[in-house]
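Worksheet: the structure to be examined is printed underneath.
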Amino acid sequence: MPSKPRTEQEKQKAYARIIASEKTDKMGLVKGVTVAAVGIFGFAAAVEALGSVDLPLDWIDWVIFALLGMLIPYGFYASAREAETREIEMRLPDFLRDVAEAGRFGMTLADAIVVASSGRYGRLTPEIKKMAAQIEWGVPASEAIRLFSERVKTPLVNRMSSIIMKANDAGGNVADVLTMVSHDAKETILTEQERGVEMQTYVLVVYIAFFVFIATIIILQGQFLPKMKEAGQQVNDKAAEMGLGAIPGVSIKTDVIDEVGFIFLLSVLVHAVGDGILAGVIQKGSIPIGMRHSSIMLIAAFFTLRLLFPG
């Protein structure tokens with residue numbers, strides 16, 4: 001293991017490396033995957049639409065894949081980040097309580113964080129150990145807490161971190177402040193959990209409405225449009241036998257029925273994206289979370305309308 005920095009210059013260099021490491025982000029990789037997927041599938045859609053190359057799928061299928069390439073990476077990455085931060089927030093009150101208990105024995109905030117880092121806090125444990133390592137390498141406790149809040153980036157953690165940093169800078173009994181913050185964090189988490197349970201019902205309603213809409217489109221494409229096409233063909237044939245042209249109010253333009261089916265497909269795609277984003281906003285107040293729901297609905301629409309019941 002590397003030795004701790006001893007001189008002030010070594011501490012400053014180590015501190016600079018820590019600050020630089022905080023700026024690394026996986027979002028660049030997610031954006032790269034998104035751009036690559038949208039570019040590849042979008043190019044395939046353009047080539048198929050122009051008829052330059054005969055690809056195994058229609059151009060609308062490649063457009064659907066391009067939409068999925070745009071929604072899936074960022075949507076599922078944001079969902080994974082949200083699940084991770086939710087677990088961190090759930091264990092945050094326990095950590096604050098342990099730090100407060102250590103502070104009551106006369107320890108400073110920095111020493112209390114280092115001592116509490118030996119505990120087990122689930123997903124929060126690596127972040128606590130990182131804070132403790134930063135403190136041991138010479139980073140001030142307030143700065144280590146600030147870096148922690150920048151890594152997690154949630155309103156709850158930002159608010160708690162701000163209160164703790166101000167209390168530490170002002171001096172006084174930080175243990176009482178930590179205890180108060182721990183109780184407040186627990187109450188906030190319980191409130192968010194209750195709200196999440198209530199919002200799940202509305203998200204379920206959005207999914208049910210979307211799949212009912214798909215079922216309606218399948219019935220229209222499988223039953224109504226073919227019957228309309230058949231009836232229109234019979235009327236046109238009968239008019240041709242009688243030497244008549246199109247009969248106003250009776251003739252059916254059978255050549256636009258396929259276009260109507262394509263419009264139905266487009267409406268389902270629009271609903272998939274829009275309803276998914278709406279579900280994410282209802283559930284978590286987040287559009288990125290909604291992108292995950294949109295990708296799920298798009299996949300369901302592709303399998304039902306393009307593979308199982310093609311129009």
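Report yes if Thr125 is loosely packed, with under 13 Cβ neighbours inside 10 Å and β-branched (Val, Ile, Thr), otherwise no. Here the answer is no, as Thr125 does not meet what is asked.
When the range 113-133 is limited to residues that are touching a residue at least 12 places away in the same chain (Cβ under 8 Å) and assigned to a loop (DSSP other than H, G, I, E, B), the one that is farthest from Leu190 (Cα to Cα) turns out to be Ser117. The set of residues in the range 261-285 that are of a type in the set (S, T, N, Q) and surrounded by fewer than 16 Cβ atoms within 10 Å (Cβ to Cβ) contains only Ser267. Residues that are free of Cβ contacts under 8 Å to residues at least 12 places away in the same chain and more than 31 Å from the chain's Cα centre (by Cα) were ranked within the range 75-112; the one that is nearest to Leu298 (Cα to Cα) is Asp111. Against the conditions (1) farther than 27 Å from Gln283 by Cα; (2) assigned to a helix (DSSP H, G or I), Met107 satisfies every one except (2). Counting residues in the range 51-73 that are within 29 Å of Ala37 (Cα to Cα), touching a helix residue (DSSP H, G or I) at 6+ places or on another chain (Cβ under 6 Å) and part of a loop (DSSP other than H, G, I, E, B) gives one or more. Would you mind finding the one in Phe148, Phe105 that is surrounded by fewer than 16 Cβ atoms within 10 Å (Cβ to Cβ) and on the phi < 0 side of the Ramachandran plot? Only one candidate qualifies: Phe105. Considering Ser142, Ser117, Ser149, the condition of being touching a Lys or Arg at 6+ places or on another chain (Cβ under 6 Å) and not assigned by TED's automatic domain parsing to the domain that holds Leu298 is satisfied by Ser117 alone. Ile219 passes every criterion in (1) surrounded by 16 or more Cβ atoms within 10 Å (Cβ to Cβ); (2) more than 21 Å from Ala66 (Cβ to Cβ); (3) modelled with pLDDT of 90 or more apart from (1). Filtering the range 193-216 to residues that are buried (at least 16 other Cβ atoms within 10 Å of the Cβ) and either more than 32 Å from the chain's Cα centre (by Cα) or not hydrophobic (A, V, I, L, M, F, W, C) (or both) leaves only Tyr207.
A search for C-beta distances below 7 Å between a residue of the range 268-293 that is more than 16 Å from Thr154 (Cα to Cα) and any residue that is assigned to a loop (DSSP other than H, G, I, E, B), counting only pairs 6+ apart in sequence or on different chains, returns Gly280/Ser286. The number of residues in the range 23-79 being more than 24 Å from His293 (Cα to Cα) and hydroxyl-bearing (Ser, Thr, Tyr) comes to 2. Exactly one residue out of Leu50, Leu156 is surrounded by fewer than 16 Cβ atoms within 10 Å (Cβ to Cβ) and over 27 Å from Ile296 (Cα atoms): that is Leu50.
The values are calculated or read from the model by the stated rules, or taken from the named source; none is laboratory data. Since the model is a prediction, treat every value here as computed from it, not as a measurement. We place every Cβ from the backbone using ideal geometry, glycine too, and count neighbours over all the protein chains shown.
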